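The values are calculated or read from the model by the stated rules, or taken from the named source; none is laboratory data. Owing to the predicted nature of the structure, the values given are computational and were not obtained by experimental measurement. Cβ: placed from backbone, ideal geometry, glycine included. Neighbour counts: every protein chain shown. Side chains are part of the model used for accessible areas, which takes the heavy atoms of the whole protein and leaves out ligands, DNA and RNA. Shrake-Rupley method; radii C 1.70, N 1.55, O 1.52, S 1.80 Å.
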Amino acid sequence: MQDNKKEKLFLRLKQYMEIEGVSRYEDEVVAALKENTKDANVEYSRDRMGSLIMTKKDHHSGPKIMLAAHMDEVGFAVLDILDNGQVRVVTIGGVWPNVVIGTKAKIITSTNKELYGIFGHTSIHILEREKREKSVNIKDLFVDFGFKDKKEAQSQGIEPGDRIYMHGETFKLFNPDLVVGKAMDNRAGVTVIDQIINRLKDEKLPNQPYFVGTVQEEVGTRGAKTSVSMIEPDIAFAIDTGASHDTYGAITGVPKLGAGVAINMQDMETMMHPKLVNVLVDLAKKHNIPVYKYVAQGGGTDAAELQYAKGGAFTVCLSIPQRYLHSPLGVASLSDMEALINLMVEFLKVFDQKMLDSIKYQ
Ligand SMILES: [Zn+2]
């Protein structure tokens, strides 16, 4: 990939990662997606859960193809305020509390007041010996905003349910293909959808694409459920980040950074459509796009809901491998994202009724 193209992709990803949007608060991602695709000949609608559905103007025939990327990120919500003014939390989505202790936290209240704090812990000097060996449980986690007592916290508008964000800076590693940032899961997928829309803006496609930013994936693929019920696609792709196995001590597994598009063959909830996978692999070969297959050893994606479109949809999950999922800093590869963009662009250019018929059950 050329350097200037890569830099543009990086800047777009950075913009999306730096938006704060836990499940149920995805509106800023929606606004950015709309702004960034406003010249790309798409029309917008929202379902009543909040998912953003983008359709291509003047495309009313051919297979319905849904590409879904969830817009929400994991985080925390206020559970209650302790008498000493510190705040206990619950997780929004799956977060291992150990990854946040000692890092910066940000609360956004119901009146949009923003304050910074720390995911607190006991200093090692005064930590009981047996606790040093143990991992931190969510029940022990708290956030310290520096309030002197509960009353002061309340006077600042802190209430149960207020959302609390992890804080992660965006930067590149020694290998500039590897980008670090907050909410890589799944703003990397959102960036991919944005780029596919923009690159296809002047193309007349033999299908009806539905580009969807789904809500509330991290709390149970909820937005995919409602949006797929409205669209009733023939074909559905979930575009999401997935665990990369290329770090010290990780269980062995196939996905790694920089090797291209990781085609998820199955996870705990979804088994991908083999003929649709073959179509993708053939296309990738033809266009020299790096792809490989793997079986996910944990986690699930929007694909779990997409497959249950009315009468079923031929479904595949396409994954962007990521290190340090659901923590303040995730790492992904720009060239993996570029490979996924290219694969989907080529797919949408050619996938017509005849190709759909060729993968249908007889
Ligand atoms: Zn995700």
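From the list 91, 122, 111, exactly one residue is over 25 Å from the mean Cα position of the chain (by Cα), under 17 Å from residue 21 (Cα atoms) and not in a helix (DSSP H, G or I). Which is it? If you could, list the steps in order and put the result at the bottom.
Values: 91 fails: over 25 Å from the mean Cα position of the chain (by Cα); 122 fails: under 17 Å from residue 21 (Cα atoms).
Only one candidate qualifies: 111.
For the stretch 151-178, the candidate set comprises residues that are in contact with a Gly (Cβ under 9 Å, 6 or more places away or on another chain) and in a strand (DSSP E or B); within that set, the residue that is nearest to residue 256 (Cα to Cα) is 178.
Within the span defined as the stretch 203-214, one or more residues are open to solvent by 20 Å² or more (accessible area, probe 1.4 Å) and in contact with a Gly (Cβ under 9 Å, 6 or more places away or on another chain).
Can you pull out the residues in the stretch 101-137 that are among the charged types (D, E, K, R) and loosely packed, with under 14 Cβ neighbours inside 10 Å? Explain how you work it out, then say what you get.
So the first thing to find is which residues in the stretch 101-137 are among the charged types (D, E, K, R), and the list is 104, 106, 113-114, 128-134.
Once the filter is applied, which keeps residues that are among the charged types (D, E, K, R) and loosely packed, with under 14 Cβ neighbours inside 10 Å, the stretch 101-137 yields 113, 114, 128, 129, 130, 131, 132, 133, 134.
Within the stretch 52-74, residues that are of a type in the set (A, V, I, L, M, F, W, C) sit with their Cβ atoms under 6 Å from residues that are in a strand (DSSP E or B) and surrounded by fewer than 19 Cβ atoms within 10 Å (Cβ to Cβ), at 6+ positions apart or across chains, in these pairs: 52/46; 53/45; 54/44.
Going by the structure shown, is residue 265 open to solvent by 20 Å² or more (accessible area, probe 1.4 Å), under 18 Å from residue 292 (Cβ atoms) and modelled with pLDDT of 95 or more? Yes; evaluated as a whole, the condition is true for this residue. Of the residues making up the stretch 299-337, those that are open to solvent by 10 Å² or more (accessible area, probe 1.4 Å) and either on the phi > 0 side of the Ramachandran plot or away from the ligand (no atom under 16 Å from the Cβ) (or both) number 11. Candidates 270, 241, 247: the one that is of a type in the set (Ser, Thr, Tyr), within 21 Å of residue 176 (Cα to Cα) and crowded, with 22+ Cβ neighbours inside 10 Å is 241.
Just name the residue that is nearest to residue 186 (Cα to Cα) out of those in the stretch 215-273 that are within 12 Å of the ligand (Cβ to nearest atom) and β-branched (Val, Ile, Thr). Out of the qualifying residues, it is 241. Take the conditions (1) hydroxyl-bearing (Ser, Thr, Tyr); (2) crowded, with 19+ Cβ neighbours inside 10 Å; (3) away from the ligand (no atom under 16 Å from the Cβ); residue 191 misses just one of them, which is (3).
Take the conditions open to solvent by 80 Å² or more (accessible area, probe 1.4 Å), charged (D, E, K, R) and part of a helix (DSSP H, G or I) and apply them to residue 148. Does it pass? The answer is no for residue 148.
Looking only at residues in the stretch 166-188 that are away from the ligand (no atom under 16 Å from the Cβ) and within 20 Å of residue 107 (Cα to Cα), the one that is most open to solvent (accessible area, probe 1.4 Å) is 169.
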